[in-house]
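These notes are about the structure you will find just below.
The values are calculated or read from the model by the stated rules, or taken from the named source; none is laboratory data. This one's a predicted model, so the numbers in the text were calculated from it and none came from an experiment. All Cβ positions, even for glycine, are placed from backbone atoms using ideal geometry, and neighbour counts span all protein chains on display.
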Amino acid sequence: MTENALVPWRFCNPYANQKYDPVRSFIFNGHEIVIQQNQDQKIDITQNTGNIVWDGAYILSRFIQKHVKVKGKRCVELGAGTGLVGLVTWSLGGKVVLTEIPDLIELTQKNVELNTRALVGDLSEEDVDVKVLSWGDEAQINDLSPPYEVILGSEILYLKDFHKDLLKTLCRLSDSKTEIYMVYKERGLGEEKFFMLAKRFSFDIEQNSKTSRIECSR
């Protein structure tokens, strides 16, 4: 059985676009991850982006499954949105905290509760949690009890005005042993400025254009 046969979703099928379906289903590590999406509000690049699963979340989830050892490690997802990346990391044995801003965290929490109920018995409910995090907020960062061994983020670089706060948050959540993995899509919105700024924050950047992947270390 090929890997694609395990995933009930195709990127290149012009006849089946599930991007805006109310509910989407993904198979990772033998577990079905069910994601509810919220289409009650207008979704564009400036608002409500956390209400649907973007391609980058799926790509990062697959990358983690194939290449990142998360079992037993403390992991945190920034800008979790629907929660796919964090839930996949949990299904692979990670001890995960999914974070999101107050306006979007309700959907994150809903999807975590939905999947923990379904997978209880196979996975430990104690190993996944949801917490509010506005980048740069010291009190909220402290509440996360850093540092983390793995930090994850998909499609979170498109608003350049938040790059500095994002990097401050990455610094506070990490130490010299932390692995940071990000996926982004080039939209011409100043994403490249993140990398220049990251070097000033003493991060080492490794980019892979084929997978739109960023690995950071300090």
inquiry  = Which residue is nearest to the chain's Cα centre (by Cα), if the candidates are limited to segment 51-108 and must be over 22 Å from residue 132 (Cβ atoms) and polar (S, T, N, Q)?
reply    = 61
key: Lone qualifier among 91, 61 - being at pLDDT 95 or above, at negative phi and touching a His at 6+ places or on another chain (Cβ under 7 Å)   = 91
ask   = Name the residues in segment 166-203 that are out of contact with any helix residue (DSSP H, G or I) (no Cβ under 8 Å at 6 or more places or on another chain), exposed (fewer than 15 other Cβ atoms within 10 Å of the Cβ), outside any loop (DSSP other than H, G, I, E, B) and among the charged types (D, E, K, R), would you?
value = 192, 199, 200
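Restricting attention to segment 153-196, which residues are among the small types (Gly, Ala, Ser) and either farther than 17 Å from residue 79 by Cβ or out of contact with any Phe, Trp or Tyr (no Cβ under 8 Å at 6 or more places or on another chain) (or both)?
Here is the first cut: in segment 153-196, the ones among the small types (Gly, Ala, Ser) are 153-154, 174, 176, 188, 190.
176, 188, 190, listed by residue number.
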ask   = Does residue 131 qualify as being of a type in the set (Lys, Arg) and under 20 Å from residue 177 (Cβ atoms)?
value = no
message = Considering only segment 154-165, I want to know if a residue exists there that is buried (at least 16 other Cβ atoms within 10 Å of the Cβ), in contact (Cβ under 8 Å) with a residue 60 or more places away in the chain and either at positive phi or in a helix (DSSP H, G or I) (or both).
response = yes
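Does residue 141 fit the bill of being among the aliphatic types (A, V, I, L, M), part of a helix (DSSP H, G or I) and touching a residue at least 12 places away in the same chain (Cβ under 8 Å)? Break it down into steps so the answer makes sense when it comes.
Numbers: among the aliphatic types (A, V, I, L, M): yes; part of a helix (DSSP H, G or I): yes; touching a residue at least 12 places away in the same chain (Cβ under 8 Å): yes.
Here the answer is yes, as residue 141 does meet what is asked.
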message = Among (1) exposed (fewer than 14 other Cβ atoms within 10 Å of the Cβ); (2) outside any loop (DSSP other than H, G, I, E, B); (3) at pLDDT below 90, there is one condition residue 117 misses while meeting the rest; what is its number?
response = (3)
